[in-house]
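Nothing in this text is a laboratory measurement; each read-out follows from the coordinates by a stated rule. The model shown is predicted, which means the values in this text are computed figures rather than measured ones. Virtual Cβ from ideal backbone geometry, glycine too; neighbours counted across all protein chains shown.
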Amino acid sequence: MQLSDLRALFLHRQSCRAFDGRGVEDDILKEVCSAALLAPSACNAQPWHLIAVRGDKMREVVPCLQGMGMNKFASKAGALVAVCEGASNLTARLGGKLKGTDFTANDLGILTAHLVLAAEGAGLASCILGWRDEDKLRAALGIRQKVRIPVVVALGYAEADDPIRPKKRKPVEETFTIL
Ligand SMILES: Cc1cc2nc3c(=O)[nH]c(=O)nc-3n(C[C@H](O)[C@H](O)[C@H](O)COP(=O)(O)O)c2cc1C
């Protein structure tokens with residue numbers, strides 16, 4: 001694997017807001033999620049759980065992402081993957097306390113990045129959705145404990161005429177320093 005291949009993948013991945021409504025097959029969902037779950041985590045605690053939703057169940061979950069008229073496009077996603085907090089381990093919890101760091105939040109972010117890139121590698125379009133009603137989301141997903149669900153990732157197939165947009169990023173000179 002060359003950096004140039006990864007860079008091409010990074011440039012091709014973009015937040016899709018034009019899904020064509022086709023569903024995502026269960027085997028592809030499982031392949032993408034199991035690849036993402038290879039992500040690193042503090043003390044290898046893997047404090048996460050991915051819950052995939054597709055088919056009729058989408059109708060219960062999608063509205064949890066659409067408050068105040070946001071994320072209308074999510075109705076045409078082919079599947080949703082809720083990135084949920086899961087059980088951590090003692091070392092990570094202690095380490096986080098001692099260092100004043102929320103390792104779990106970092107770990108869930110890294111998992112999310114792996115998920116969208118794995119999806120891209122599988123030919124799926126994706127969009128990370130942080131605009132959600134967590135209480136409603138937990139209820140729709142049948143989660144009783146107050147676990148955090150920082151994002152839901154919409155997956156699916158982009159409409160054929162959805163162009164790959166040039167990336168809008170701050171200049172590297174502003175956001176990278178070598179000392
Ligand atoms: C934590 C997080 C939450 C986001 N939430 C939303 C969202 O609710 N709706 C949306 O349309 N895009 C959402 N995005 C997508 C960002 O707007 C997008 O990644 C950013 O503008 C860069 O564009 P790109 O992903 O196409 O490269 C979210 C991204 C992240 C990382």
Task: Of all residues making up segment 119-137, the number that are surrounded by fewer than 21 Cβ atoms within 10 Å (Cβ to Cβ), more than 12 Å from the ligand (Cβ to nearest atom) and in a helix (DSSP H, G or I) - done: 4
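Any residue that is within 17 Å of A52 (Cα to Cα), of a type in the set (V, I, T) and out of contact with any Ser or Thr (no Cβ under 6 Å at 6 or more places or on another chain) - is there at least one of those in segment 155-167? Give the derivation first.
First pass over segment 155-167, keeping only residues within 17 Å of A52 (Cα to Cα): 155-157.
Pick out the ones that are also of a type in the set (V, I, T) and you get none.
No, segment 155-167 has no match at all.
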Task: Within segment 69-84, considering residues that are touching a residue at least 12 places away in the same chain (Cβ under 8 Å) and out of contact with any strand residue (DSSP E or B) (no Cβ under 7 Å at 6 or more places or on another chain), the one farthest from M58 (Cα to Cα) - done: M70
Open item on the list: Please pick out the residue among T104, T91, T112 that is in contact (Cβ under 8 Å) with a residue 24 or more places away in the chain, among the hydroxyl-bearing types (S, T, Y) and touching a Ser or Thr at 6+ places or on another chain (Cβ under 7 Å).
Closed with: T104
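Regarding segment 37-47, can at least one residue be identified that is closer than 19 Å to A74 by Cα and under 15 Å from the mean Cα position of the chain (by Cα)? Please lay out each step first, then the result.
Step one: list which residues in segment 37-47 are closer than 19 Å to A74 by Cα, which gives none.
There is no residue in segment 37-47 that is closer than 19 Å to A74 by Cα and under 15 Å from the mean Cα position of the chain (by Cα).
Each row is one residue, and each column tells you yes or no for (1) surrounded by fewer than 20 Cβ atoms within 10 Å (Cβ to Cβ); (2) more than 22 Å from V53 (Cα to Cα); (3) out of contact with any helix residue (DSSP H, G or I) (no Cβ under 8 Å at 6 or more places or on another chain).
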site	(1), (2), (3)
A82	no, no, no
T91	yes, yes, no
T104	no, yes, no
I110	yes, no, yes
- [ ] Could you pull out the residue among A140, A154 that is surrounded by 15 or more Cβ atoms within 10 Å (Cβ to Cβ), in a strand (DSSP E or B) and either of a type in the set (S, T, Y) or touching a residue at least 12 places away in the same chain (Cβ under 8 Å) (or both)?
- [x] A154
